[in-house]
């Protein structure tokens, strides 16, 4: 009976994934965790990109992706970090970041939508919650649920493996293989629903696999988003099955060039680089 009561309290079906989850992080807790970690991440990555036009464009596309989820009521935010490191990541509660280094390698709005939709997918699927449950095990998750009200936001960040070490090194727990693949599936779904070419997400992975981390910028995307070759194969199969004809979808190469690329070249060098970070 006690086990049944715990399941009734702690388990729920995620409307975006249709999967049952043991929940240790409430919406309110996720929001507070993201709000607590946000300034640390921004500071550790050289601050926000000094371009209102670029920030506005990225945020507008990000909001469109978030609007496709069943968690659209979260206080979603989308930020460009002034860092040459090639990466993107999501904090609990809807705080999404893309680096200048990654943004500069994209060429269309659809590709940008793919990056943001993938990160939105991690939040919509509550992957931070799942990481904690997986790390602690079922019994630990039950104990943690009972302790939830006594833990501070900083305690939750430590449990999630999120933080900033001395010297500004950002620590964020890498996602599991299944979580990455699930975020990819959600990404192309959100993109298609919003009218963006879902092949844009596949194009991003193709760009990243060709990137030489020792050439222009440090490629940290692979550490937080592993298994790109397998993800590419799965995405190619999914796109062939569900979106065989993508000609009617929006790519947005002209708007991306006019708003993103043309303004990036006008900016001073990134404030955060791998050399300065180490």
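The values are calculated or read from the model by the stated rules, or taken from the named source; none is laboratory data. All values derive from a computational prediction rather than experimental measurement. Using ideal geometry, Cβ is built from the backbone for each residue, glycine included, and neighbour counts are taken over all protein chains shown.
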Notebook entry, point to check: Which helices (runs of 4 or more DSSP H) sit wholly inside segment 194-251 and have at least 1 residues that are at pLDDT 95 or above and within 28 Å of residue 128 (Cβ to Cβ)?
Noted result: 199-210, 228-242
Notebook entry, point to check: Can you name the residue in segment 48-71 that is touching a helix residue (DSSP H, G or I) at 6+ places or on another chain (Cβ under 6 Å) and part of a loop (DSSP other than H, G, I, E, B) and, of all such residues, is nearest to residue 193 (Cα to Cα)?
Noted result: 68
Item checked: The one condition in (1) at pLDDT 90 or above; (2) exposed (fewer than 12 other Cβ atoms within 10 Å of the Cβ); (3) more than 20 Å from residue 89 (Cβ to Cβ) that residue 53 fails to fulfil -> (2)
Note to self: Among the residues of segment 22-30, are any over 22 Å from residue 180 (Cβ atoms) and at pLDDT below 90?
What the structure shows: yes
Item checked: Residue check for residue 181: surrounded by 15 or more Cβ atoms within 10 Å (Cβ to Cβ), modelled with pLDDT under 95 and in contact with a strand residue (DSSP E or B) (Cβ under 9 Å, 6 or more places away or on another chain) -> no
